[in-house]
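Trainee: I have a structure here, written as structure tokens, and I will follow up with some questions on it.
Read the figures in this text as sums done on the coordinates, not as results from a lab. Note that this is a predicted model, so its numbers are computed, not measured. In this analysis, Cβ positions are derived from the backbone assuming ideal geometry, glycine residues included, and neighbour counts consider all displayed protein chains.
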Amino acid sequence: MPEVNEKTEYMDFIREAVAEDLRTGRFKEVHTRFPPEPNGWLHIGHAKALFVDFGVAQDFGGKCNLRMDDTNPEKEDMEYVEAIQRDIKWLGFDWEDRLFFASDYYETLYELACKLIRKGLAYVDDLDEEQIKEYRGTNVPDKNNITYTPPGKNSPWRDRSIEENLDLFARMRAGEFPDGSKTLRAKIDMAHPNLLMRDPVMYRIRRMPHYRTGNTWCIYPMYDFAHPLSDAIEGITHSLCSLEYEIHRPLYDWFVSNCEVFPSRQIEFARLNITHTVLSKRWLLQLVREKKVSGWDDPRMPTIAGMRRRGYSAAGIRDFLGRIGIAKTDSMVDIQLLEHCIREDLNASAQRYMAVLNPVKLVIENWPQGRVEWLDAVNNPENPQAGMRKIPFSGTLYIERDDFRENPPPKYYRLYPGNQVRLRYGYIITCTGFDKDPATGEVTEIRCTYDPATKGGDAPDNRKVKGTIHWVSADHAVPFEARLYDYLFEAERPMEVSEGKTFIDNLSDHSLTVEKRAVAEPALRELAVGQTVQFERLGYFCKDPDSTNERAVFNRTVTLKDSWTKLEKKLLANG
RNA sequence: UGGGACGUAGGCAAGCGGUAAGCCUCCGGAUUUUGGUUCCGGCAUGCGCAGGUUCGAAUCCUGCCGUCCCAGCCA
């Protein structure tokens, strides 16, 4: 018995099309694929594609293959194949035993090319690169200097006999001709309004060892030829891709129909763009090569590996992917939505700790000499099952430098001379004074008294203490390095640059701040690399692989929402 | 210029002829031992613009305007 519909499930336009195909019988099942080229690491834009490819298959009880779209020996590498698999697994998608390589299809592809030649639908062309471009019919200015696209011209080699083409193509494969001297082209229509249909190149000669096939081949198939046929070989029903391939669809269908192979249906959707970053392997590769970041997994990178190292959770990323939707509109998603999803997930799961990033000493004048108390602290207020832990409290503590002001601005309710504040899980204290370095003006020590009746932070007299600040006992402090990240680009759209500039010029000069003097409560020692926790009042932090036994390194994943900083800025702006 | 697509709030995005969902941001307020979380409330008399059809149009028609993509022997 089918369940009564509790609510109609949201259907994007792709799922609607797939459902329709199933209804009409165009396909009996759903089988998709994720086809990265192993020429760079996956970024959040790929994660969207993964979410669509695997998600659609799953929703319709189908399968999704992982296929390395490796048809260009110049750019591809095994390093990337491994990184790609690692990232997809981490994100939580499973291709089971279906990892494929377009390079495994080279022989089949070659045979299909011969088939097209035999059908008189492909020919070997001797035109060089420049000539091909010229013959294709590109932008030409007319007498009024308005550019237009004239019909292309047929190559003089277009009408070679089938036998000659077959022979030439075989000799191309055998390595008889130099790189670039010949191509195999589909014979379609040199006057077609869609330039892609003007006899597209199917094969080029390129003597370069391929990372998987080595020197077996010196001719390599082009994307437009290899992709639809790879889809067909795998029995892909729905070939989902990004909008820029929309114009390739007629060609996709042409190869499918003329090679007489399984007719996959290509459907295009808008790729992901996010503010304050760039989402293109080419630009990310440039950042890596020019050492603008430490590598593909630099925590500031929008790569999956970067986000993982930064402390983003796979669940948070998946939630984000689900919220942005799928459509055909070119869009630019606010990075704050991603951050919101990460915070929401981490708020529920991350253990809380106390750490001070920029410490200043706080001395409790009436604290008994040498006394240490171990106080109870809640591990995660969102999850009682996370339990409690003990934190040492003593007469000398470190507090955040920003939690004390000599001259407090309006609405500031942290520590300042004469004011009361609660030390989280500790005591309520009153600030009695402070010292400054006469040379620098920097506060060197803050003094206060504590109220013994307020142990744990409760006020028996119900007095109102607005501020609660975090702290670390000086004698028990665990020093560590905190890496604080900000957007890689201050501009919302880094690619929008003025004349003569590039996105590199838009790189922020404060995307990374290192706090080398940070200290934390002793329990921090127990954390493993890769664990993400919350430092109370500061944000979420993830233990970095750069950590050593002597000294831990923590990446700030994302700050907590901070309405005070916002208010203070506003107050400052209004004088 | 030719060809292909897309325009709903600051950013995403539902809506499929019956009178503009939801999320993020932003702005108020309540609770709070994290200025966190949570909770309440506000935020499109209008859907690129102009006409038309209709009792009724974001949805259908016509014409404009704007944005993006293609013109690699990259994918």
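Trainee: Quick one: which strands (runs of 3 or more DSSP E) lie wholly within region A:205-291 and hold at least 1 residues that are within 25 Å of the chain's Cα centre (by Cα)?
Mentor: A:238-242, A:265-269
Trainee: Suppose we keep only residues that are surrounded by 12 or more Cβ atoms within 10 Å (Cβ to Cβ) and more than 25 Å from the chain's Cα centre (by Cα) within region A:553-570. Which one would you say is nearest to RNA strand B (Cβ to nearest atom)?
Mentor: Ranking the candidates gives A:TRP564 first.
Trainee: Which pairs turn up if I take residues in region A:331-345 that are in contact (Cβ under 8 Å) with a residue 24 or more places away in the chain and farther than 18 Å from A:PRO494 by Cα and look for partners that are in a helix (DSSP H, G or I) and within 6 Å of RNA strand B (Cβ to nearest atom) with beta carbon separation below 7 Å, at least 6 apart in sequence or on another chain?
Mentor: Note: pairs meeting the criteria are A:CYS341/A:ARG323.
Trainee: Among the residues of region A:85-93, are any within 14 Å of RNA strand B (Cβ to nearest atom) and of a type in the set (A, V, I, L, M)?
Mentor: Scanning region A:85-93 turns up no residue that is within 14 Å of RNA strand B (Cβ to nearest atom) and of a type in the set (A, V, I, L, M).
Trainee: Quick check on this structure: which one of A:ARG463, A:ARG537 is buried (at least 18 other Cβ atoms within 10 Å of the Cβ) and either within 16 Å of RNA strand B (Cβ to nearest atom) or closer than 29 Å to A:LEU284 by Cβ (or both)?
Mentor: A:ARG537
Trainee: From A:ASN65, A:ASN72, which residue is more than 10 Å from RNA strand B (Cβ to nearest atom), in contact with an Asp or Glu (Cβ under 9 Å, 6 or more places away or on another chain) and within 22 Å of A:ILE233 (Cβ to Cβ)?
Mentor: A:ASN65
Trainee: Only one residue in A:GLY426, A:GLY433 is of a type outside the set (Phe, Trp, Tyr), farther than 30 Å from A:LEU512 by Cβ and within 16 Å of RNA strand B (Cβ to nearest atom), so which one is that?
Mentor: After applying the criteria, what remains is A:GLY426.
Trainee: Continuing with the same structure: Could you count how many residues in region A:105-128 are part of a helix (DSSP H, G or I), among the acidic types (Asp, Glu) and in contact with a strand residue (DSSP E or B) (Cβ under 9 Å, 6 or more places away or on another chain)?
Mentor: Of the residues in that region, 0 qualify.
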